[in-house]
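What follows is one structure encoded as structure tokens, with my remarks underneath.
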Amino acid sequence: MTAEIFFCHVTPSGRGAIATTVVWGGQAIEAIRQRFRPKRQGRELGAPNSVVYGFWQTHNSGAGEDVVLSFDDQEKCSIHSHGGIVSRRLIADSLIASGASEVPASEYETRTCPNFWLVEIRQALQQAASSLAALCLLDQLACWSTWPAQIDQLLTRGRRDEAIRQIDAVLRRSTVGLHLTLPWNVVLGGRPNVGKSSLINALLGYERTIVSALPGTTRDIVRQQTVFSGWPVTLSDTAGIREAAGEIERIGVEFTQREIRQADALIGVFDASEPWTETQQLFLDQMQPDLIVFNKRDLARADTRRPAGIFVSATQRQGLDELIAVLLAHLVPKDFEPKVPLPATSAMIEHLRCIRDQIATGVKSVDIALSHPRCADKNL
Ligand SMILES: Nc1nc2c(ncn2[C@@H]2O[C@H](COP(=O)(O)OP(=O)(O)OP(=O)(O)O)[C@@H](O)[C@H]2O)c(=O)[nH]1
Ligand SMILES: [Mg+2]
């Protein structure tokens, strides 16, 4: 640590029950002594893992703000104050007056934790899209506390091929790791009027997108995020694809085709009340969806020519659970296991690839456990 003093508000900026401001740096204890009066006189400040109750003196408040200080050691302390915006601001102002610099919350982990992997997982944890994702990421904290050091050990013992094999195995889990915070992009495509918008509304549980009996209702892409069994998913409704369309609808169809190319899963929606024709088959062959769904199963007509698919009714809310289960089975790898290391951010993937290349080119030790690409030039 340098002799400088830094502080960061680690709780959100709105009103809350308690606000926590972390102060750190070589002179942190001095800045705290200038302002803090313990309730019980003579309490020692800065003892490792100690907690002290007292008052924070600011220019504007006579008695001072009630605060609880929790010290990691002499160089790092958390100030827990009232969660109101004013009290937090007063503490910040007095720290600045004592020479401290404010660090934005987005940089806090990078500045205070020397372990790149744990910083990345903690940042991902802040963006966890569901409680399942948060639990997986908590497991990942444990994984990444030990796994990089194991790779270092393999290298020290000259087992380069095994190190590369293990890194490759972790890299193969990148997609699923990224989707703990990033929604899977699921696109519903099909001919006009088959019930794509109705199906999206049924899956979301509310009327997000316009439904009408008129073919060509949806023109723009309508996206909405939701969570299926703990996995974040963005559902994209698209314009029904048909050739004889007007100018606006034609642009909508172009948007649809672009959206389809970027999909993690494309659901091809067909109308179960219509017979299966050659045109339908041609359309299916061109679209090549990941999942075939026959909507309007409440009006379904038997037709042996139809390919295999999931039968649902958006309006009757039938078959939706099966559709979600099949969709997740398509998206999430079968061997998904939260207790093995997963790269959860793009920076982790990039850094792992770089380390792998270094090992492959013959570097004997890369100090994976301590490598911290983002901090390398920050001299903290
Ligand atoms: N009976 C029945 N009707 C449905 C079902 N799903 C949708 N519909 C009806 O089918 C018509 C078209 O539905 P939409 O959801 O607007 O169809 P779409 O595929 O989004 O149509 P475009 O936006 O024009 O491409 C509406 O009248 C819906 O009420 C269903 O499961 N059963
Ligand atoms: Mg529509």
Task: Matching residues, region 181-225, being touching a residue at least 60 places away in the same chain (Cβ under 8 Å) and part of a loop (DSSP other than H, G, I, E, B) - done: THR181, ARG191, ASN193, VAL194, GLY195
Task: Extreme residue, farthest from ligand 2 (Cβ to nearest atom), among residues of region 288-302 that are farther than 11 Å from ASP271 by Cβ and surrounded by fewer than 20 Cβ atoms within 10 Å (Cβ to Cβ) - done: ALA302
- [ ] Consider only pairs whose beta carbons are under 8 Å apart and that are at least six residues apart or on different chains; among these, list those whose first residue lies in region 313-333 and is modelled with pLDDT of 95 or more and more than 16 Å from ligand 1 (Cβ to nearest atom) and whose second residue is outside any helix (DSSP H, G or I) and among the charged types (D, E, K, R).
- [x] HIS330/ASP290; LEU331/ASP264
Task: So ARG165, is it at pLDDT below 95, basic (Lys, Arg) and over 22 Å from LEU331 (Cα atoms) - done: no
Open item on the list: For region 108-151, give me each residue that is in contact with a Lys or Arg (Cβ under 7 Å, 6 or more places away or on another chain) and among the charged types (D, E, K, R).
Closed with: GLU109, ASP139
Open item on the list: Filter region 211-222 down to the residues that are within 29 Å of the chain's Cα centre (by Cα) and either outside the structural domain of ASP321 (by TED's automatic domain parsing) or within 9 Å of ligand 2 (Cβ to nearest atom) (or both) and list them by number.
Closed with: VAL222
Task: Members of region 229-258 found to be open to solvent by less than 10 Å² (accessible area, probe 1.4 Å) and either under 22 Å from LEU203 (Cα atoms) or modelled with pLDDT of 80 or more (or both), listed by number - done: PRO232, VAL233, LEU235, SER236, ASP237, THR238, ALA239, GLY240, THR256
- [ ] Can you work out which of the residues in region 201-216 that are among the β-branched types (Val, Ile, Thr) and surrounded by 17 or more Cβ atoms within 10 Å (Cβ to Cβ) is nearest to ARG261 (Cα to Cα)?
- [x] THR209
Open item on the list: Step by step: first the residues of region 80-102, then only those that are of a type in the set (Ser, Thr, Tyr) and surrounded by 14 or more Cβ atoms within 10 Å (Cβ to Cβ), then the one that is farthest from THR58 (Cα to Cα). Which residue is that?
Closed with: SER81
Task: region 191-200, residues that are more than 6 Å from ligand 1 (Cβ to nearest atom) and open to solvent by less than 10 Å² (accessible area, probe 1.4 Å) - done: LEU199, ILE200
Open item on the list: Filter region 217-228 down to the residues that are at pLDDT 85 or above and open to solvent by 60 Å² or more (accessible area, probe 1.4 Å) and list them by number.
Closed with: ARG223, GLN225, VAL227
- [ ] Could you tell me whether GLY158 is of a type outside the set (A, V, I, L, M, F, W, C), outside any helix (DSSP H, G or I), farther than 25 Å from ASP264 by Cβ and assigned by TED's automatic domain parsing to the domain that holds TRP56?
- [x] no
Task: Residue among GLU75, GLU65, GLU109 that alone is charged (D, E, K, R), within 26 Å of GLN127 (Cβ to Cβ) and surrounded by 14 or more Cβ atoms within 10 Å (Cβ to Cβ) - done: GLU109
Task: Selection within region 112-122 - under 19 Å from LEU180 (Cα atoms) and open to solvent by 30 Å² or more (accessible area, probe 1.4 Å) - done: ARG122
Task: Test set (1) within 14 Å of ligand 1 (Cβ to nearest atom); (2) under 14 Å from ALA202 (Cα atoms); (3) open to solvent by less than 50 Å² (accessible area, probe 1.4 Å) - PHE270 fails condition number - done: (2)
Open item on the list: Take the conditions outside any loop (DSSP other than H, G, I, E, B) and under 24 Å from the mean Cα position of the chain (by Cα) and apply them to THR110. Does it pass?
Closed with: yes
Task: region 346-355, residues that are open to solvent by 20 Å² or more (accessible area, probe 1.4 Å) and under 18 Å from LEU125 (Cα atoms) - done: SER346, ALA347
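The values are calculated or read from the model by the stated rules, or taken from the named source; none is laboratory data. From a predicted model like this one, the values you see are computed outputs, not experimental measurements. Using ideal geometry, Cβ is built from the backbone for each residue, glycine included, and neighbour counts are taken over all protein chains shown. The protein model used for the area step is the full one, side chains on, heavy atoms only, and it has no ligands, DNA or RNA in it. Shrake-Rupley method; radii C 1.70, N 1.55, O 1.52, S 1.80 Å.
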